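Novice: Quick one: structure below, then a few questions.
The values are calculated or read from the model by the stated rules, or taken from the named source; none is laboratory data. The shown structure was predicted, so the numbers you read here are calculated from the model rather than taken from an experiment. Don't worry about glycine lacking a Cβ; one is built from the backbone with ideal geometry, like all the others, and counts go over all protein chains shown. Accessible surface is based on the protein model in full, side chains and every heavy atom, while ligands, DNA and RNA are left aside. Shrake-Rupley method; radii C 1.70, N 1.55, O 1.52, S 1.80 Å.
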Amino acid sequence: MPWLEEVLLGGTFDHLHDGHRALLESAISFGKFVRVGVTTDEFARRMRKTDKYISLLQPLEVRKASVRKFLESRGCTNYEILVINDRYGPALNSESTEGIIVTEETYPTAVEINKLRAIKGLDQLLILVIPFVYDEQGLIISSRRIRKQLYSLLKKDGKK
């Protein structure tokens with residue numbers, strides 16, 4: 001039984017993978033209501049300027065549909081998918097949110113969010129850190145690696 005009224009998480013959710021699924025599964029487990037921020041294509045590209053495979057980023061609508069499909073496949077009906085164009089999304093202003101789901105990589109942003117919320121007089125969010133998910137080779141599963149693999153396959157097939 002979820003023990004927080006509302007949790008949120010945000011990300012690009014490109015090529016939905018097991019790491020994303022772990023985050024979303026945690027959100028479902030901890031929150032009665034799940035708010036998911038999915039980054040715009042523009043913000044995703046701005047944040048990944050050095051990623052030479054960013055051209056294989058899935059369009060926003062595809063990424064939102066993947067999140068929606070996963071949530072519903074897990075029986076989650078109390079959710080909202082928002083489009084975000086910055087690192088904070090609704091976390092800075094939401095009075096109803098009690099927790100934020102992050103990875104070790106995004107934990108510093110959650111700490112920053114709580115500092116900014118304190119300045120605004122809002123309650124601190126409970127920060128729930130979900131560990132990375134590793135593949136069979138012991139490497140962190142990431143959308144960037146998936147895009148890189150897709151690039152190699154497309155190049156091999158003469159499509160790039």
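Novice: To test your reading of the geometry: what angle, between 0 and 90 degrees and rounded to tens, separates the Cα axis of helix 18-30 from the longest principal axis of the chain?
Specialist: Roughly 20 degrees, rounded to the nearest 10.
Novice: By how many degrees, between 0 and 90 and to the nearest 10, does the Cα long axis of helix 107-119 differ from the longest principal axis of the chain?
Specialist: For 107-119 against the chain, the angle is about 30 degrees.
Novice: What accessible area, in Å² to the nearest ten, does a 1.4 Å probe give for PHE33?
Specialist: About 60 Å², ignoring ligands and nucleic acids.
Novice: Give me the percent of DSSP beta bridges within the chain that run antiparallel, rounded to the nearest 5. Walk me through the intermediate numbers first.
Specialist: Values: 1 of 21 bridges.
Once the DSSP bridges in the chain are tallied, antiparallel ones form about 5 percent.
Novice: Residues with amide H under 5 Å of THR39's amide H, sequence separation 5 or more or different chain, H placed in the peptide plane at 1.01 Å from N; which?
Specialist: HN-HN under 5 Å from THR39: GLY11, THR12, ILE84.
Novice: How far is helix 143-156 tilted off the main Cα axis of the chain, in degrees rounded to 10, range 0 to 90?
Specialist: The angle comes out near 20 degrees.
Novice: Grab the beta carbon distance between ASP86 and LYS156, set R0 = 30 Å, and tell me the FRET efficiency rounded to 0.05.
Specialist: Numbers: r = 37 Å, r/R0 = 1.23.
Approximately 0.25, to the nearest 0.05.
Novice: If you don't mind, there's one more thing I want to ask. Rounded if a/c is under 1.5, else prolate if a/b is larger than b/c, else oblate: which is the range 9-98, with a ≥ b ≥ c the root eigenvalues of its Cα gyration tensor?
Specialist: Details: a/c = 2.20, a/b = 1.40, b/c = 1.58.
Judged from the Cα gyration tensor, the range 9-98 comes out oblate (a/c at least 1.5, b/c at or above a/b).
Novice: So, one more: Which chymotrypsin sites (Phe, Trp or Tyr not before Pro) does the range 83-160 hold that lie in a coil by DSSP with at most 14 other beta carbons within 10 Å? Display every interim value, and only then the final one.
Specialist: Details: sites: TYR88, PHE132, TYR134, TYR151; in loops: TYR88, PHE132.
Here the chymotrypsin sites (Phe, Trp or Tyr not before Pro) that fit, given the DSSP loop and packing criteria, are PHE132.
Novice: Please report the relative contact order for the chain, taking Cα pairs under 8 Å with a sequence separation of at least 6, and give it as a percent rounded to a whole number.
Specialist: Working: 236 pairs, mean separation 46.2, N = 160.
It rounds to 29 percent for the chain.
Novice: Classify the range 70-117 from the C-alpha gyration tensor, please: rounded if a/c falls under 1.5, else prolate or oblate depending on whether a/b exceeds b/c.
Specialist: Numbers: a/c = 2.04, a/b = 1.65, b/c = 1.24.
Cα axes put the range 70-117 in the prolate bin.
Novice: Could you put ASP123, ASP135 in order of accessible surface area, largest first, with the 1.4 Å probe and the full protein assembly present? All intermediate terms of the calculation are to be shown ahead of the outcome.
Specialist: On the way: ASP123 120, ASP135 30 Å².
Ranked list, largest accessible area first: ASP123, ASP135.
Novice: Further question on the same structure: In the range 21-129, what GluC sites (Glu not before Pro) fall in a loop by DSSP, with at most 13 other Cβ atoms inside 10 Å?
Specialist: Working: sites: GLU25, GLU42, GLU61, GLU72, GLU80, GLU95, GLU98, GLU104, GLU105, GLU112; in loops: GLU95, GLU98, GLU104, GLU105.
Sites meeting the loop and neighbour criteria: GLU95, GLU104, GLU105.
Novice: Oh, and also: Could you work out the Rg to Rh ratio of the chain, with Rh taken as the Kirkwood radius (inverse of the mean 1/r over all Cα pairs)?
Specialist: Working: Rg = 16.2 Å, Rh = 16.4 Å.
Ratio value, two decimals: 0.99.
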